[in-house]
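Scroll down for the structure; my scribbles are underneath it.
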Amino acid sequence: MLIKHRRASDIHENHLTPESVYLNRRALLKGAGLAIGGAALTACDPAGAVDLLSDPNADLYPAARNEVYQIDRPLTAEALSTTYNNFYEFGSHKRIAKAAQKLTIRPWEIAIDGEVEAPFKVGFDDLMRKVRLEERYYRHRCVEAWSMDVPWTGFPLRQLVELAKPLSSAKYLRMETFQRPSEASGQKQIWYPWPYVEGLTIKEATHDLAFMVTGIYGKPLPKQNGAPLRLAVPWKYGFKSIKSIVRFTFTEKEPVSFWQKVEGREYGFWANVNPGVDHRRWSQATEQVLGTQERVPTRLFNGYAEEIGGLYDDVKGTRNIFF
Ligand SMILES: Nc1nc2c(c(=O)[nH]1)N[C@H]1C(S)=C(S)[C@@H](COP(=O)(O)O)O[C@H]1N2
Ligand SMILES: [Mo]
């Protein structure tokens, strides 16, 4: 019986968690709390830890790490990145981890449609057998001027684009989150334009950095971080990294995102990180590193300028890619 109560963290933590995480966590637990954007942060245990023994994809974790993606800062403590979340479907504040446990993630059907050879639906667990998982350490920069450093597990979005077989008319990929106000009380706030929508150009979606995330810290993704499937586009502000995706639609026209609809003067389609372009209400020059007392300079494309290379050569000059 005891084994049933083992948490994913008990099983994997000792051999998986890099030392930096422990150090960071210890530092975090020592300090009573810290202020970020006015909110007090206190340390707590990872919420909604996934029970690996009952997860149908447990055999896929931990995935081999892709060493190409390095970060020059310690990883953010798991206890912090799984309890300090933006997920407006569960409330417009950071403490949504508990409320997010209401989300039903099995079964989870994903629709692929629009400008494709033939639209289809695929269950998340079936999709997991069609892709190759790997682990990547990525920086994450929220538009609110805080950042974290996360070991994601997932697969390049390009693999999903290839499965979808888009037509040459497909210029953009529109992604959509679930719409279930009975599970996600934030969706009862009818002044928000639910469901959450995000979009990328096909060129961006097939860039190696664009990553579909299914896990974190070597385990399946907790609900509050966007289970079962979310995006990570680390050179863009965090709101582009849409969570709990149920639909991928290939389009000719540029999709309009959730945040563009909420406040089009503050949130544009591109949202590429640039310390030299301020938000309408605050500076983007520096960022508060979650779990530390440090404010550090923000970097162009969040430090991914080299990887981005000539990705925007054809749009530069015609569009402001930093909005
Ligand atoms: N569906 C959905 N996706 C979302 C959000 C959201 O509110 N709803 N918030 C975004 C923002 S602003 C950020 S910073 C990241 C936060 O991801 P995390 O909670 O895993 O750190 O998710 C992004 N994806
Ligand atoms: Mo964000």
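For every helix of n ≥ 4 consecutive DSSP H residues, a contribution of -39,500 (n - 2.57) applies; sum these over the chain, divide by its total residues, and give [θ] at 222 nm rounded to the nearest 500 deg cm²/dmol.
Numbers: 8 runs with 50 residues, N = 323.
It lands at -3500 deg cm²/dmol.
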Contour minus end-to-end for VAL315 and LYS171, with contour as 0.36 nm per residue of separation and end-to-end as the Cα-Cα distance? 50.5 nm
Which length gain, in nm to one decimal place, applies between TRP282 and PHE120 when the Cα-Cα distance is subtracted from 0.36 nm times their residue separation? 54.0 nm
Counting Lys +1, Arg +1, Asp -1, Glu -1, what net charge surrounds ARG319 among other residues with beta carbon under 14 Å of its beta carbon? -1
Dipole of region 13-322, positive direction: furthest Cα of LEU60, ALA164, ILE105, with charges on the beta-carbon: ILE105
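Around HIS207, what is the net charge, scoring Lys/Arg as +1 and Asp/Glu as -1 over all other residues with Cβ under 10 Å from its Cβ? Provide the component values of the computation, followed by the final result.
On the way: positive: ARG158, LYS203; negative: GLU204, ASP208, GLU307.
Once all neighbours under 10 Å are counted, the net charge is -1.
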What list of ³J(HN,Hα) couplings, whole Hz, do you get for region 64-81 from phi and the Karplus terms 6.51, -1.76, 1.60, once you set θ to phi - 60° and write x for glycine and proline? 4, 7, 8, 6, 4, 9, 10, 10, 8, 10, x, 5, 6, 4, 4, 4, 8, 6
Please turn the phi angles of region 148-159 into ³J(HN,Hα) values with the Karplus equation 6.51 cos²θ - 1.76 cosθ + 1.60 (θ = phi - 60°), one per residue in order, whole Hz, x for glycine and proline. 8, 10, 10, x, 8, 10, x, 8, x, 4, 3, 4
If you stretched the chain out fully between GLN293 and ARG106, how much longer would it get, using 0.36 nm times the residue separation minus the C-alpha to C-alpha distance? 63.4 nm
Prolate/oblate/rounded call for region 13-322, Cα gyration tensor, a/c under 1.5 rounded: rounded
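What is the dipole size for the chain, taken about its Cα centre, with +1 at each Lys and Arg Cβ and -1 at each Asp and Glu Cβ, in debye to the nearest 20? It would help to have the intermediate numbers written out before the result.
On the way: 43 positive and 38 negative charges, 162 e Å.
Magnitude of the dipole: close to 780 debye.
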Whose amide H sits under 5 Å from the amide H of VAL246, counting only residues 5 or more places off or on another chain, with H placed in the peptide plane? GLU176, THR177, PHE178
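Computed from the coordinates by the stated procedures, all read-outs in this text should not be read as laboratory data. Values in this document were obtained by computation on a predicted structure and should not be read as measured data. Glycine gets a Cβ as well: all are built from the backbone with ideal geometry, and neighbour counts include every protein chain shown.
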